[in-house]
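Report on the following structure.
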Ligand code: ADP
Ligand code: ZN
């Protein structure tokens, strides 16, 4: 190599200091920057908050000419362009929010070689005027942010990203740097393939977020569980993710009634409403935002103290990204997942019903991994990092399993109580109804059906609804019962239940954990 690496590093460090005010590179940044400056295609896999932006911003300033940045999010582009401009770096963006005049003004600046970084939305990049003139621009570097969007294997595939494969053909001599926080091996290989990257240098950062403590509760009356969890957080701010807009609206109301300053965010609201919610949250005027997955990809708020999933996400990547919005300042943060076997059964049915054949397998595979994470009884961080092929040698000490290990007990009697109740109820076996009979509730339907005359009526009176719900979940995990989605999600017995009912097979279970153990402290300080 003709250029002296030491002098490049010196120049890069000067840029880091002058334009960004930082003294040293973080793990992986210099490795990626030096590869790019050396003209090599580069794939950067770093967790959210790891500092991916500098990996292309620094080379853009060090190199002569124009750097093209493809980014899917208008708000993120605007933020970055504004920040760069304030730091004296000439940057601009092209996306659908601009008027024709504004757009023309940018082309004029491009023509005058006045712009160092041009952010472009993918749909803009490969259409119309831009495409006609693209080869006139002295493009020296191409950066693809959120690169997993190019892959079907990623959790957020975008059609417009597919066409980005052309870029490498149009500008064969400009290095390409692709960046993402999603790193399972299949997605990684597909990004390289789809973007036509040539023998790229791959940097893979550590994915662990040690300050986030992972908690999981079996979901039972999820709204109440969310309210009590939020009340435990002492006014700290956080995000609660729900699987549908209707749930966002309902839970927002419930939290507001409990006196929590909060608002909802989903794609059914107008752009103005959404921006207002986001801004109030950024300024700490809202403690909680209840949201669908529409909220967050561009959220740059470092002091989010907790993220709750009221509904199980569709993939481990989504879970990781969404929980990763907590604790970006490095201070202790909490993640809580509420998990219900019925949600999982429902999601599998949706995937099976809705998907075309190739999508079907990918989505099912991803959801299976998510379900395995939720149902595993070992250190949550180990399971999570393992998914990203980032191995953690020992249990973390900062998740609910590590801090409060499942206590096994002989649950043969409890299992028999539930299973015989399901057996006797025959067709009428939705989970809650089974619980109502076990606990001896005198509700109308039970009395009308004369189910108060069953021998299993009221035999489980001494434990709570939540307790029995948890026991039933474990019976499902152990394959003794299942949820029949072809019949409105009723509970049914599996053949293996017979031996338990006959007293031929003992059953061990974990003692139900009914709330987050608030006595235990987040170990990360
Ligand atoms: P990502 O895109 O990986 O989520 P960002 O590029 O937004 O992360 O960076 C996250 C935060 O870390 C930003 O506030 C950024 O200014 C800061 N940061 C990045 N690199 C450094 C560094 N070398 N030293 C100090 N802070 C940094
Ligand atoms: Zn752990």
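Going through the stretch 20-30 one residue at a time, which ones are at negative phi and either within 16 Å of ligand 2 (Cβ to nearest atom) or in contact with a helix residue (DSSP H, G or I) (Cβ under 9 Å, 6 or more places away or on another chain) (or both)? Please lay out each step first, then the result.
In the first step, residues of the stretch 20-30 are kept if they are at negative phi; the result is 20, 22-27, 29-30.
Those that are at negative phi and either within 16 Å of ligand 2 (Cβ to nearest atom) or in contact with a helix residue (DSSP H, G or I) (Cβ under 9 Å, 6 or more places away or on another chain) (or both): 20, 22, 23, 24, 25, 26, 29, 30.
Could you tell me whether any residue of the stretch 353-376 is under 25 Å from residue 226 (Cβ atoms) and not in a helix (DSSP H, G or I)? Within the stretch 353-376 (the criterion being under 25 Å from residue 226 (Cβ atoms) and not in a helix (DSSP H, G or I)), the answer is yes, since at least one residue qualifies. Taking the criterion of being in contact with a helix residue (DSSP H, G or I) (Cβ under 7 Å, 6 or more places away or on another chain), over 28 Å from residue 294 (Cβ atoms) and part of a helix (DSSP H, G or I), the only residue of the stretch 140-174 that qualifies is 170. Consider the stretch 279-320 and keep the residues that are without any contact (Cβ under 8 Å) to a residue 24 or more places away in the chain and assigned to a helix (DSSP H, G or I). The one that is surrounded by the most Cβ atoms within 10 Å (Cβ to Cβ) is 280.
Only one residue in 46, 63 is over 23 Å from residue 127 (Cβ atoms), more than 14 Å from ligand 1 (Cβ to nearest atom) and in contact (Cβ under 8 Å) with a residue 40 or more places away in the chain. Which one?
Checking each option against the conditions leaves just 63.
For the stretch 384-403, which positions are surrounded by 15 or more Cβ atoms within 10 Å (Cβ to Cβ), more than 9 Å from ligand 2 (Cβ to nearest atom) and either within 20 Å of residue 516 (Cα to Cα) or touching a residue at least 60 places away in the same chain (Cβ under 8 Å) (or both)? Selection gives 384, 385, 387, 388, 390. Say whether the condition of being more than 16 Å from ligand 2 (Cβ to nearest atom) and more than 26 Å from residue 385 (Cβ to Cβ) is met by at least one residue in the stretch 42-51. The answer is no; no qualifying residue exists. Note on the stretch 360-383: residues that are under 24 Å from residue 45 (Cβ atoms), more than 14 Å from ligand 2 (Cβ to nearest atom) and more than 18 Å from the chain's Cα centre (by Cα) total 1. Answer yes if at least one residue in the stretch 217-226 is closer than 22 Å to residue 385 by Cα and within 16 Å of ligand 2 (Cβ to nearest atom), and no otherwise. Yes - at least one qualifying residue is present in the stretch 217-226.
Evaluating residue 417 against the criteria (1) more than 16 Å from ligand 2 (Cβ to nearest atom); (2) modelled with pLDDT under 95; (3) part of a helix (DSSP H, G or I) leaves one unmet condition, (2). Among the conditions (1) within 16 Å of ligand 1 (Cβ to nearest atom); (2) under 30 Å from residue 437 (Cβ atoms), the only one that residue 390 does not satisfy is (2). Scanning for something assigned to a helix (DSSP H, G or I), touching a strand residue (DSSP E or B) at 6+ places or on another chain (Cβ under 6 Å), free of Cβ contacts under 8 Å to residues at least 40 places away in the same chain and more than 16 Å from ligand 1 (Cβ to nearest atom), does the stretch 236-250 turn up at least one residue? Yes; the residues of the stretch 236-250 include at least one that is assigned to a helix (DSSP H, G or I), touching a strand residue (DSSP E or B) at 6+ places or on another chain (Cβ under 6 Å), free of Cβ contacts under 8 Å to residues at least 40 places away in the same chain and more than 16 Å from ligand 1 (Cβ to nearest atom).
The values are calculated or read from the model by the stated rules, or taken from the named source; none is laboratory data. Just so you know, these numbers come straight off a predicted model, no measurement behind them. Backbone-built Cβ (ideal geometry, glycine too); neighbour counts: all protein chains shown.
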